[in-house]
Every structure is written in structure tokens, then in C-alpha cells.
Amino acid sequence: MLARDWFYSERGRIGLDALVAARSAIYDHDDSGSRARATLTKLGIQPGWRIADIGCGQGTLACEAAKMGAVVDAVDIAPAMLALAEIQARDSRVSLRTQSAGLLSFNFAPDTFDLIVSEFTLHHLPDFWKAVALSRMFRALKPGGRLFLRDIVFVGVPDGAERDIAQWADFNIKNHDFPREDVATHMRDEHSTFGWVIERMLTDAGFTLVSADYHAPLHGTYLCRKPDAAGMQ
């Protein structure tokens, strides 16, 4: 049997914790709490639901879910981010169960969660490992449970890359205060893929794809369901 040295290292992607913490404002803005509440309300969460936020960042969505009565596991590969999530939970007077792990290393029993949320995290993995991560999340959901996934994806076709990427870069620089060098780094060094590839990965992992929304340049939002025990989609 092969040694585990072939396994992809998520921790090699996080950089210095101080840099991660300093850049956290890129992902969490002043209105992030209201946006998280709107997302959770749309997803119809109920008190007592088990929810995992994998790639939780500063923990804004995880804390909002806890405020709504959910039992929440906040997972992030970067210790600096988990520390910020724990501070936010303390300040919000809610309880989170935190785990220093990533999409390939989180430790949950099968059939545990009513909802898994993962936002702007999957693109850190090459495509093979994206599929592994989606399969792991599928197993962690209860039958009938849902996955809410948002990420940076390519909606167009390869021969439109110059046009699409320029549009996306301009959108993020103007609307989200991304430094130009961060946009360039993402295109050069990250592992975003095509929306149709993500959709195929989701269905091959066993999910029913409820919706796929490509509402902003190079952003994709997916709502998926794990079929229940009777095979209902």
C-alpha cells in the first residue's frame, strides 16, 4: 500500500497565519452578518439543526447560524481564522465547536449534518481533490441533508478566458476592494475550475443538484441535496 505522502497537503496552502488574519477583511465585510442571515433564512434552517461551516473564515455565518438555534461546527484549516471565529462567537455569546481542518481532513461521522456550508474554499484544491472533498461532505450529511456551496468558478469557455477574466478582475477590484495583485495571484496560483465541471462532480458524488446560480462574474452558487433513505431526490 502507498504511504500517505501522496496525499494533498491543504496546510501548505494557508501561508503565514499573520498574513491570513491580515487579509481576512477581504472575505468579511460590514454587511457580512446580514448577508449570512439572509442566506441561512433562505436555506430554511431550524433550531436544533446540525450545521458544519467548512472553511468558516472569521466565523460570521457560523455565529449567525448559532444565533438561530443551530448546533454549529466551524472548520478552518488556518488556526488564525479559527481564533477569529472563536472571538466572534464569544462576542456574540454563542457556542461553536471548532476544528482545525480542511475539506480533506475534517473529522465527522457519516450522516451527521442537516446542512453543510462551504464558501470560497473548494477552489484551493486541484480538481481531483475537489471531487474527494465533495464525496467526504456527501458522507457527512444526513440522508435528505443539503450542501450549500459558493465559489469562484469559470462560467464561460476556455477561448473566452481573456475576456471573462478581465471582466471578473475589474468587477472584484471595483466592487470588493481586491488588490490587483490578489486577483493576479488567484488566476495564476489557485485552482478554480469550470462551473460544468463542478456540477458533474456534485452529481457524481451522489448529490441531487437543486440549483446552480451563476449570478456574478466567475461566481457560482450551488444548492444540493443528499437523497434520503428511500431514494427520494
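The values are calculated or read from the model by the stated rules, or taken from the named source; none is laboratory data. Because the structure is predicted, anything quoted here is derived from the model rather than measured. Cβ: placed from backbone, ideal geometry, glycine included. Neighbour counts: every protein chain shown. For accessibility, only protein heavy atoms count, side chains too; no ligands or nucleic acids. Shrake-Rupley method; radii C 1.70, N 1.55, O 1.52, S 1.80 Å.
Put simply, the amide H of His219, placed in the peptide plane, has neighbours under 5 Å in Val153, leaving out anything fewer than 5 places away on its chain. Label separation (Ala184 vs Ser34): 3.5 nm, computed from points 7 Å beyond Cα along the C-beta direction. Straight-distance candidates among the lysines for linking to Lys42, with alpha-carbon spacing under 21 Å and chain neighbours fewer than 8 residues away dropped: Lys67, Lys142, Lys226. Protein heavy-atom surface of segment 101-143, 1.4 angstrom probe: 57% of the accessible area is carbon and sulfur, with nucleic acids and ligands not counted.
Stretched out straight at 0.36 nm per residue, the stretch from Phe194 to Ser95 would grow longer than its current Cα-Cα span by 32.0 nm.
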